[in-house]
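Written out below as structure tokens is the structure these notes cover.
The values are calculated or read from the model by the stated rules, or taken from the named source; none is laboratory data. Every value quoted in this text rests on a predicted model; they were computed, and no experiment measured them. When we count neighbours, we look across all protein chains shown, and the Cβ atoms used for this are built from the backbone with ideal geometry, even at glycine.
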Amino acid sequence: MLRAVPQVLQALQSLRRVAEIDASRCTRRHDSGCSACVLTCPQQALATGAPHTAPEVDPVACIGCGVCVPACPTDAVGGVGTPPEWIVGEAVAEPESLTIRCGALGSGPADRSRSQDAEQLQLVCLAALHPETIAATAARLDPGGTVALEHADCDSCPIGAADQVDEITSLGAALAARIAPDRTVEVRERTPPPPDQAVGPGRRRVRTPRRTGPSPRFSRRSLLRASWEPDSDPEPQAASESSTDRSPTLSQAGAVTAARGVLLAAAEQSPPLPRPYADPGCTACEACSTICPTDALGWSRTQRMSVLSVDPQSCIDCGECVRVCPEQILALGCPVDSDAGGAASGFPQIVAQVRTPGCSRCRVPLQAGERDLCTSCLTRREMAADVWRQLG
């Protein structure tokens, strides 16, 4: 079991980066209390600080595994992990099959019977993938194609993200089965080769992201391609041209997260996406739509009805609406394992409908926070009362 340790340490050393938190995207600025990245970090390198501030990163403890990246619902964690556009781009370039391996398996396949030309990607840890990225990668393959997610024995891995690997690969495979049923996602556990038998990175088509420029943060709007081969190789450029020919758009512009962008661009129909659901009892207080960090929730009003709708493409499953709902009637769900959602997921969907009460004086619909009287009538009444008090 300890055979995987040298390969993991080598991968961590070669891809040494430290997580960065974008405070402007972190929901803790709204006093949300979110600690998703802190709880998922297998090295306890993240810690919450003062209220209204983003978590702090310990640069010594952080090993750059990227497990915290998919845990953050608002894409606030950067500097580590692999951009989803980069992974999807590899599937476009090699549409028959793609193998994504963890760092513990080294640069060469443990199964020597496999093709020497098999297209492979090596990540530090499979837990750094987002389930939506896995599904988008599968959808980019030709019909009958396979995405193989290969990992070593996670329980003996020094990263210590066995639970995260299990959860993410399972969710990714389930989502892929919904949006690309004629493609396959296989999760395989393999035995890493002994360190003295590992194949050097220069002899395999194994791709990993390369640091570019002074900042370790990757651009979320561009496709970054690189190879481990030390000599100049025209193949990455050719693959990039192939990607452009097959699919000019790898990510949907304006998507709320990078993983959501590649999923929406890859899916032939709107995929099942998370969204809030409401039990009876909504009072149209607008607390949920006010706190929503992506404006996925919105209200429309008529003379008789107030309607709360959600755009599933913008819902990131952060749970802020559930947290602030004073009536505690909201819950989050995603129809991955059911026939709900489907093509209708791409349209605003009604969450709650509330009969709009009218002002008892002028009968206009009351707005959020108004009771019995609208603001205009309430102001007039208070002004009149003040005048009468002054007149004695």
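Can you report the number of residues in the stretch 42-74 which are modelled with pLDDT under 90 and over 23 Å from Thr294 (Cα atoms)?
2
Could you grab me the full set of residues in the stretch 125-150 that are more than 16 Å from Ala71 (Cα to Cα), out of contact with any strand residue (DSSP E or B) (no Cβ under 6 Å at 6 or more places or on another chain) and not in a helix (DSSP H, G or I)?
Leu141, Asp142, Pro143, Gly144
Give the stretch 234-263 a look and list any residue that's part of a helix (DSSP H, G or I) and either closer than 25 Å to Gly319 by Cα or modelled with pLDDT of 85 or more (or both), or say none. Give the derivation first.
Quick first cut of the stretch 234-263, residues part of a helix (DSSP H, G or I) only: 235-246, 258-263.
Answer for the stretch 234-263, where residues must be part of a helix (DSSP H, G or I) and either closer than 25 Å to Gly319 by Cα or modelled with pLDDT of 85 or more (or both): Ala258, Ala259, Arg260, Gly261, Val262, Leu263.
Output the residues belonging to the stretch 19-51 that are under 18 Å from the mean Cα position of the chain (by Cα), surrounded by 16 or more Cβ atoms within 10 Å (Cβ to Cβ) and of a type outside the set (Gly, Ala, Ser).
Listed by number, the residues that qualify are Glu20, Ile21, Arg25, Cys26, Thr27, Arg28, Cys34, Cys37, Val38, Thr40, Cys41.
Examine the stretch 165-184 for a residue that is part of a strand (DSSP E or B) and surrounded by fewer than 24 Cβ atoms within 10 Å (Cβ to Cβ), and state whether such a residue exists. Walk me through it before giving the result.
Step one: of the stretch 165-184, the residues part of a strand (DSSP E or B) are 184.
Imposing the further condition that a residue be surrounded by fewer than 24 Cβ atoms within 10 Å (Cβ to Cβ) reduces the set to 184.
Within the stretch 165-184, one or more residues are part of a strand (DSSP E or B) and surrounded by fewer than 24 Cβ atoms within 10 Å (Cβ to Cβ).
Exactly one condition in (1) in contact (Cβ under 8 Å) with a residue 60 or more places away in the chain; (2) surrounded by fewer than 24 Cβ atoms within 10 Å (Cβ to Cβ) is not met by Ala54; state its number.
Every listed condition holds for Ala54 apart from (1).
Starting from residues that are crowded, with 16+ Cβ neighbours inside 10 Å and of a type in the set (A, V, I, L, M, F, W, C), keep the ones in the stretch 323-334 and report whichever is nearest to Ala259 (Cα to Cα). Walk me through how you get there before you give the answer.
First, pick out the residues of the stretch 323-334 that are crowded, with 16+ Cβ neighbours inside 10 Å: 323-325, 329-330, 334.
If we keep only those that are of a type in the set (A, V, I, L, M, F, W, C) too, we end up with 324-325, 329-330, 334.
Details: Val324: 26, Cys325: 27, Ile329: 29, Leu330: 25, Cys334: 16 Å.
Within the stretch 323-334, the match that is nearest to Ala259 (Cα to Cα) is Cys334.
Just to be sure I understand, how many residues within the stretch 267-279 are of a type outside the set (D, E, K, R) and more than 15 Å from the chain's Cα centre (by Cα)?
Start the filter on the stretch 267-279 by keeping residues that are of a type outside the set (D, E, K, R), which leaves 267, 269-274, 276-278.
Cutting the leftovers down to more than 15 Å from the chain's Cα centre (by Cα) gives us 267, 269-270, 276-278.
Qualifying residue count for the region: 6.
Quick check on this structure: which one of Cys315, Cys321 is in a loop (DSSP other than H, G, I, E, B), closer than 15 Å to Arg275 by Cβ and modelled with pLDDT of 75 or more?
Values: Cys321 fails: in a loop (DSSP other than H, G, I, E, B).
Selected residue: Cys315, the only one of Cys315, Cys321 that is in a loop (DSSP other than H, G, I, E, B), closer than 15 Å to Arg275 by Cβ and modelled with pLDDT of 75 or more.
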